[in-house]
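Engineer: Sharing a structure below in structure tokens format, with a few things to ask.
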């Protein structure tokens with residue numbers, strides 16, 4: 001059977017993870033890598049069989065046969081690059097966020113429909129065992145009517161992450177810039193907004209209070225926020241987040257108070273069930289969660305990218321449906337935009 005030929009754009013830590021997932025799946029072939037830096041600067045020894053390009057223009061003018069492209073570049077490039085990939089008749093895999101605006105997401109969706117191509121949005125936290133379990137008990141209505149939901153995301157992102165210039169204090173990389181990073185909710189916590197939307201649906205009556213306590217010199221945006229809202233399907237909720245925690249991540253948790261009981265999924269990355277007390281229900285033993293992505297001095301969300309690529313294989317070979325489709329990717333961006341729009 002013919003293999004699906006992949007290219008990866010952006011060869012940093014996450015780009016290399018995408019490349020390794022492609023190599024590790026027998027349905028795929030990694031044929032190209034693309035980055036603005038020189039190949040020898042990027043540590044790509046494990047991908048020596050893939051051709052290397054410094055731009056998407058060069059990649060597509062090479063006349064290589066490409067079926068799909070994974071985009072793992074800074075956030076602000078996702079929209080433009082996704083549109084170029086689709087214009088060249090390839091499926092596209094987009095790291096979060098899909099775009100930095102809802103309008104940008106709509107452009108990607110329209111182009112994908114025009115070209116009859118798939119858009120895969122990378123939201124790998126959906127695959128963590130506690131996430132799968134909570135989604136299941138919600139779908140089976142085991143908790144009954146939802147009353148309250150609280151999401152807490154308290155992480156560390158300091159000068160080790162933003163690498164500000166010693167004289168000006170401004171970021172020396174894309175992290176922390178408004179045009180390429182977009183903001184704390186786009187870069188750090190969009191996975192958890194995705195989970196919230198996946199569990200409970202859309203929001204209304206959003207009220208946001210945002211502050212910048214510890215990053216006035218290193219970023220162009222807030223580092224902390226209190227957000228309250230109502231769910232369209234009933235119940236009230238809040239999102240409390242910060243990247244101003246000293247030295248290391250504290251927690252990412254979701255607490256659900258409902259008609260038939262209460263649950264809390266916590267740990268540093270919503271990776272463990274801390275509390276479950278539900279009427280006439282016995283908590284099952286869940287599989288171990290995968291560890292977080294490790295970036296040295298700081299850590300990110302779960303290392304579940306292999307599940308993403310298993311799903312991509314199933315979809316492109318006609319054996320399954322997308323786990324996070326373009327409309328869901330757009331809703332995450334839409335919710336973040338509305339949170340920022342309603343800020344005080």
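The values are calculated or read from the model by the stated rules, or taken from the named source; none is laboratory data. Please read these numbers as outputs of a predicted model, since none were measured by experiment. Note that each Cβ is placed from the backbone with ideal geometry, even for glycine, and that neighbours are counted across all protein chains shown.
Engineer: Of all residues in the stretch 304-324 being buried (at least 16 other Cβ atoms within 10 Å of the Cβ) and outside any helix (DSSP H, G or I), which is modelled with the lowest pLDDT?
Structural biologist: 304
Engineer: May I ask you to list the residues in the stretch 61-80 that are crowded, with 22+ Cβ neighbours inside 10 Å and over 16 Å from the mean Cα position of the chain (by Cα)?
Structural biologist: Within the stretch 61-80, just 69 meets the criteria.
Engineer: Of all the helices (runs of 4 or more DSSP H) wholly in the stretch 86-195, which have at least 1 residues that are closer than 30 Å to residue 213 by Cβ, in contact (Cβ under 8 Å) with a residue 24 or more places away in the chain and in the same structural domain as residue 273 (by TED's automatic domain parsing)?
Structural biologist: In the stretch 86-195, 129-139, 159-162, 184-187 are the helices (runs of 4 or more DSSP H) which contain 1 or more residues that are closer than 30 Å to residue 213 by Cβ, in contact (Cβ under 8 Å) with a residue 24 or more places away in the chain and in the same structural domain as residue 273 (by TED's automatic domain parsing).
Engineer: Inspect all residues belonging to the stretch 29-43 and state whether any of them is touching a residue at least 60 places away in the same chain (Cβ under 8 Å), over 26 Å from residue 175 (Cβ atoms) and out of contact with any helix residue (DSSP H, G or I) (no Cβ under 6 Å at 6 or more places or on another chain). So that I can check it myself, show each step before the final result.
Structural biologist: Start the filter on the stretch 29-43 by keeping residues that are touching a residue at least 60 places away in the same chain (Cβ under 8 Å), which leaves none.
No, the conditions are met nowhere in the stretch 29-43.
Engineer: Working carefully through the options 264, 217, 211, find the one that is touching a strand residue (DSSP E or B) at 6+ places or on another chain (Cβ under 7 Å) and at pLDDT below 95.
Structural biologist: 217
Engineer: Of all residues in the stretch 127-151, count the ones that are within 22 Å of residue 229 (Cα to Cα), touching a helix residue (DSSP H, G or I) at 6+ places or on another chain (Cβ under 9 Å) and surrounded by 15 or more Cβ atoms within 10 Å (Cβ to Cβ).
Structural biologist: Residues flagged as within 22 Å of residue 229 (Cα to Cα), touching a helix residue (DSSP H, G or I) at 6+ places or on another chain (Cβ under 9 Å) and surrounded by 15 or more Cβ atoms within 10 Å (Cβ to Cβ) within the stretch 127-151 amount to 7.
Engineer: Among the residues of the stretch 279-294, write down those that are crowded, with 18+ Cβ neighbours inside 10 Å and part of a strand (DSSP E or B).
Structural biologist: Listed by number, the residues that qualify are 292, 293.
Engineer: Which of the numbered conditions does residue 229 fail, given that it passes all the others? Conditions: (1) without any contact (Cβ under 8 Å) to a residue 60 or more places away in the chain; (2) part of a loop (DSSP other than H, G, I, E, B).
Structural biologist: (2)
Engineer: While we're on this one: Residue 120 - would you say it is modelled with pLDDT of 95 or more, touching a strand residue (DSSP E or B) at 6+ places or on another chain (Cβ under 6 Å) and under 26 Å from residue 94 (Cα atoms)?
Structural biologist: It is true that residue 120 is modelled with pLDDT of 95 or more, touching a strand residue (DSSP E or B) at 6+ places or on another chain (Cβ under 6 Å) and under 26 Å from residue 94 (Cα atoms).
Engineer: Let me ask another. Check off (1) within 25 Å of residue 77 (Cα to Cα); (2) in a helix (DSSP H, G or I) for residue 198 and give me the number that stays unchecked.
Structural biologist: Among (1) within 25 Å of residue 77 (Cα to Cα); (2) in a helix (DSSP H, G or I), residue 198 violates only (1).
Engineer: Tally time: how many residues in the stretch 217-250 are more than 26 Å from residue 180 (Cβ to Cβ), in contact with a helix residue (DSSP H, G or I) (Cβ under 9 Å, 6 or more places away or on another chain) and surrounded by 15 or more Cβ atoms within 10 Å (Cβ to Cβ)?
Structural biologist: Of the residues in that region, 4 qualify.
Engineer: When you scan the stretch 198-226, how many residues do you find that are in contact (Cβ under 8 Å) with a residue 60 or more places away in the chain and at positive phi?
Structural biologist: Adding up the residues that qualify gives 0.
Engineer: How many of the residues making up the stretch 18-60 are surrounded by fewer than 19 Cβ atoms within 10 Å (Cβ to Cβ) and assigned to a helix (DSSP H, G or I)?
Structural biologist: Within the stretch 18-60, residues that are surrounded by fewer than 19 Cβ atoms within 10 Å (Cβ to Cβ) and assigned to a helix (DSSP H, G or I) number 9.
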